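K.L.:
Okay, handing you the structure first.
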Amino acid sequence: TQLLEQSPQFLSIQEGENLTVYCNSSSVFSSLQWYRQEPGEGPVLLVTVVTGGEVKKLKRLTFQFGDARKDSSLHITAAQPGDTGLYLCAGQYRGSQGNLIFGKGTKLSVKP
Amino acid sequence: DTAVSQTPKYLVTQMGNDKSIKCEQNLGHDTMYWYKQDSKKFLKIMFSYNNKELIINETVPNRFSPKSPDKAHLNLHINSLELGDSAVYFCASSQVHPSDTQYFGPGTRLTVL
């Protein structure tokens with residue numbers, strides 16, 4: 001059983017569309033992070049959320065941490081081809097010995 | 001300057017061989033990590049290490065061992081390579097805790113034939 005469920009697994013949209021990626025768990029996370037990974041490179045941190053209900057914005061990206069700290073979402077407004085990549089959520093919970101547990105990722109393709 | 005570097009970028013080897021992947025960070029971080037990313041892009045922690053403690057993911061076979069000659073380096077040794085070891089291996093580092101921002105290296109694609 002995957003601790004962090006990410007959906008959708010694949011997403012292909014046109015430039016200018018909006019999208020939301022979800023990260024869900026039955027466990028409570030002390031913190032949750034979103035990463036973006038491009039082909040041939042390592043993941044790069046986008047944001048960390050730690051407080052239930054927290055909302056953070058990074059230009060056209062909006063990140064939300066659920067009130068119960070069991071889920072998170074990433075919303076992209078007016079997607080651009082440069083947003084194409086693999087988006088990964090990762091979190092820490094009591095049983096992870098402090099280590100990050102990753103979701104399986106959402107592969108986003110934005111077509112011009 | 002590259003913050004976290006790994007060598008080699010690609011590694012192709014035969015089953016049963018022993019190989020090493022090197023990792024160096026120039027960020028002055030205390031903690032380093034090794035992750036494995038499988039063909040479906042699932043990223044899984046293998047080890048986290050600082051100068052005080054090594055935390056091993058219990059699912060990692062003991063054929064895998066991290067070696068840290070100093071704080072800036074954490075190399076990964078793999079003995080008796082198996083087909084299932086084929087994956088991309090990422091090194092990462094963070095200031096102290098895993099909750100601190102982790103900086104990832106570019107990855108090493110290991111192919112076992």
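The values are calculated or read from the model by the stated rules, or taken from the named source; none is laboratory data. Small disclaimer: the values here were computed from a predicted structure and weren't measured. So basically every Cβ, Gly included, is an ideal-geometry build from the backbone, and we count neighbours across all protein chains shown.
K.L.:
Given the criteria farther than 20 Å from residue B:37 by Cβ, without any contact (Cβ under 8 Å) to a residue 40 or more places away in the chain and more than 13 Å from the chain's Cα centre (by Cα), does residue A:42 qualify?
P.N.:
Values: farther than 20 Å from residue B:37 by Cβ: no; without any contact (Cβ under 8 Å) to a residue 40 or more places away in the chain: yes; more than 13 Å from the chain's Cα centre (by Cα): yes.
When the stated conditions are applied, residue A:42 does not pass them.
K.L.:
While we're here: Please enumerate the residues belonging to segment A:88-105 that are within 16 Å of residue B:43 (Cβ to Cβ), of a type in the set (Gly, Ala, Ser) and facing chain B (nearest Cβ under 7 Å).
P.N.:
Across segment A:88-105, the qualifying residue is only A:105.
K.L.:
Have a look at B:31, B:2, B:7 and point out the one that is at negative phi, hydroxyl-bearing (Ser, Thr, Tyr) and modelled with pLDDT under 90. Talk me through it step by step, then tell me what you get.
P.N.:
Numbers: B:31 fails: modelled with pLDDT under 90; B:7 fails: modelled with pLDDT under 90.
After applying the criteria, what remains is B:2.
K.L.:
Would you kindly identify the strands (runs of 3 or more DSSP E) lying entirely within segment B:30-113 that contain at least 1 residues that are of a type in the set (D, E, K, R) and more than 8 Å from chain A (Cβ to nearest Cβ)? Break it down stepwise before answering.
P.N.:
Values: elements: B:31-37, B:43-49, B:54-56, B:64-67, B:75-78, B:87-94, B:108-112.
Qualifying strands (runs of 3 or more DSSP E): B:31-37, B:64-67, B:108-112.
K.L.:
When the residues of segment B:38-59 are filtered to those that are of a type in the set (Val, Ile, Thr) and modelled with pLDDT under 90, which remaining residue is farthest from residue B:92 (Cα to Cα)? Before you say what the answer is, go through the steps one by one.
P.N.:
Taking segment B:38-59 as the starting set, the residues that turn out to be of a type in the set (Val, Ile, Thr) are B:45, B:55-56, B:59.
Still in the running and modelled with pLDDT under 90: B:55-56, B:59.
Working: B:55: 14, B:56: 15, B:59: 19 Å.
Per the criteria, the residue is B:59.
K.L.:
Moving on. Go through (1) within 11 Å of chain B (Cβ to nearest Cβ); (2) touching a Gly at 6+ places or on another chain (Cβ under 9 Å); (3) modelled with pLDDT of 95 or more for residue A:108 and report which single condition fails.
P.N.:
Condition (1) is where residue A:108 drops out.
K.L.:
Which of (1) touching a residue at least 40 places away in the same chain (Cβ under 8 Å); (2) under 25 Å from residue B:32 (Cα atoms); (3) in contact with a strand residue (DSSP E or B) (Cβ under 7 Å, 6 or more places away or on another chain) does residue A:99 not meet, given it meets every other one?
P.N.:
Just one mismatch for residue A:99, condition (1).
K.L.:
Now for a separate question. So which residues in segment A:1-57 are among the polar types (S, T, N, Q), more than 9 Å from chain B (Cβ to nearest Cβ) and closer than 14 Å to residue A:93 by Cα?
P.N.:
Within segment A:1-57, A:24, A:25, A:26, A:27, A:51 qualify.
K.L.:
A further question on this structure: Is it the case that residue A:31 is part of a loop (DSSP other than H, G, I, E, B), of a type in the set (Gly, Ala, Ser) and over 10 Å from the mean Cα position of the chain (by Cα)? Spell out how you get there, then give the answer.
P.N.:
Numbers: part of a loop (DSSP other than H, G, I, E, B): no; of a type in the set (Gly, Ala, Ser): yes; over 10 Å from the mean Cα position of the chain (by Cα): yes.
No: the conditions fail for residue A:31.
K.L.:
With respect to residue A:108, determine if the residue is assigned to a strand (DSSP E or B) and in contact with a helix residue (DSSP H, G or I) (Cβ under 8 Å, 6 or more places away or on another chain). Step through it out loud before you land on a result.
P.N.:
On the way: assigned to a strand (DSSP E or B): yes; in contact with a helix residue (DSSP H, G or I) (Cβ under 8 Å, 6 or more places away or on another chain): yes.
Yes, satisfied.
K.L.:
When you look at residue B:85, is it of a type in the set (Asp, Glu), surrounded by 13 or more Cβ atoms within 10 Å (Cβ to Cβ) and over 21 Å from residue A:88 (Cβ atoms), yes or no?
P.N.:
yes
K.L.:
Counting only residues that are farther than 21 Å from residue B:68 by Cβ and out of contact with any Lys or Arg (no Cβ under 7 Å at 6 or more places or on another chain), which one in segment B:10-29 is farthest from the other protein chains (Cβ to nearest Cβ)? Outline the logic, then answer.
P.N.:
To start, the set of residues in segment B:10-29 that are farther than 21 Å from residue B:68 by Cβ comprises B:10, B:12-17.
Among the residues that remain, those that are also out of contact with any Lys or Arg (no Cβ under 7 Å at 6 or more places or on another chain) are: B:12, B:14-17.
Numbers: B:12: 16, B:14: 24, B:15: 25, B:16: 28, B:17: 24 Å.
Only one residue fits best here, namely B:16.
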